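The structure appears right after this line, and notes come after that.
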Amino acid sequence: MSQVEEASTSSGHDPLPDEQQEILRKAVRLEWITIGSLAVTVTLVGLVAGQSQAMQAAWLEDMLSFLPPIAFLIATRIIRRSPDQKHPYGHHRSIGVAHLVAATALLIMGGFLIFTSVMGLLKMEKPPIGLTVLFGQDIWAGWLMVVVMAITAVVPVILGRMKMKLAKPLHDKVLYADADMNKADWSTALATIIGVLGIGIGLWWMDAAAAIIVAVSILWDGVRNLKAAVEDLTDTTAMTFDDKNPHPVIHETEDQARAVPWVAEAAARVRDQGHVFHVEMFVVPRSGHDPTVEQLHDLRKRLHEVDWKVHDVVIVPVSKIPSYLTPAAQ
């Protein structure tokens, strides 16, 4: 079997070059470290949360933070499966499904937290924070909350920056979403600390206000990631890992196709299947030229060599480029 044929029928893990496979292994290790650190964080925050709405919101956000790494780890196992009769395109889309699951959970919990926090503010609920005994000394429990939030915010930020460096070369949107959430954890910690200190100086409403800020952050993460996940699963144009721009591989493959002597025009229809892309290249042969099977195979091989993400390629000879792929349609 040729290299091109193998690329089109292998699992979602096999087509990754050595560099990307090593990056994937690093990402898996980071996600396991994330789960371990979250277990410690959730325990500590749960122990000191008390009746503070801001602390409870932060605790729920930490619980939700388990979803992206778990979804990522499950998806990276599923993509190892080879295509079969039921799944002729393979299992690459498990990355997109994991992205959707994590985003939906964030959206639902963010909305729930906003509702409960606003209701607490309207009802003028004043959460009490009393004294606690530590090493034989009576101290205000709010200081424990502040210390715990400050400490637990450090590790996620560091892990988030490390994951962000891996998300782009791996083209992994679940990893990027997780890294983005981790990097923003400092703002959640800061808002929570302000809310707790507000209670300490008699401004009880600052606790509910801080909880609303945390909830809005969760909701925004959910909305943004849900939009990106749905677009990927509904076959929109392949985008960069951060969903900011169309992926440059689209134009790169088109340029390669147009460089072939017998091709007059070419336009690509590219969809994101996870780490890799499915490319349908529409080509208009030059007048009087009928491309042979060998020429089509050579073009397909040429497109595979453009980028490792070009995993599955279909060459479609046509008399005219579809109108929705022309510059005028864009």
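Values in this text are rule-based calculations from the coordinates and carry no lab data. In this text the structure is predicted, and so the values were computed from the model without any measurement. Cβ atoms come from the backbone with ideal geometry, glycine included; neighbour counts cover every protein chain shown.
List of remarks:
- Between the C-alpha center of the range 71-90 and that of the range 160-197 there is a gap of 27 Å.
- Nearest-20 debye value, the range 131-264 charge dipole, Cβ charges on Lys, Arg, Asp, Glu: 280
- Helix axis angle, 18-48 relative to the chain longest principal axis, alpha carbon, degrees: 20
- The chain: equivalent-ellipsoid semi-axes (sqrt of 5 x gyration tensor eigenvalues, Cα, Å): 51, 20, 14
- Each stretch of four or more DSSP H residues adds -39500 (n - 2.57); spread over every residue of the chain, this sum gives -20000 deg cm²/dmol at 222 nm.
- Entry note, the range 195-285: relative contact order of 18 percent, from Cα contacts under 8 Å with a spacing of 6+ residues.
- The chain: relative contact order in percent, alpha carbon pairs under 8 Å with at least 6 residues between: 20
- With both residues required to sit in the chain, DSSP beta bridges show an antiparallel share near 70%.
- Given 15 as the ceiling on other Cβ atoms within 10 Å, longest exposed-site-free region of the chain for GluC sites (Glu not before Pro) in DSSP loops: 126-304
- Acute angle (nearest 10 degrees) that the helix 53-64 long axis makes with the longest principal axis of the chain, alpha-carbon atoms: 30
- Rg/Rh for the range 195-330, where both radii come from Cα atoms and Rh is the Kirkwood radius: 1.32
- Using a cutoff of 8 angstrom between alpha carbon atoms and counting only pairs six or more residues apart, the relative contact order for the range 249-325 works out to 34 percent.
- Between 0 and 90°, nearest 10: helix 173-183 axis offset from the chain longest Cα axis: 30
- A Cβ-based charge dipole, computed about the Cα centre of the chain with Lys and Arg at +1 and Asp and Glu at -1, lands at about 420 debye.
- Ranking T76, L107, L47 by how far each Cα lies toward the positive end of the dipole of the range 41-152 (charges on Cβ) leaves T76 at the top.
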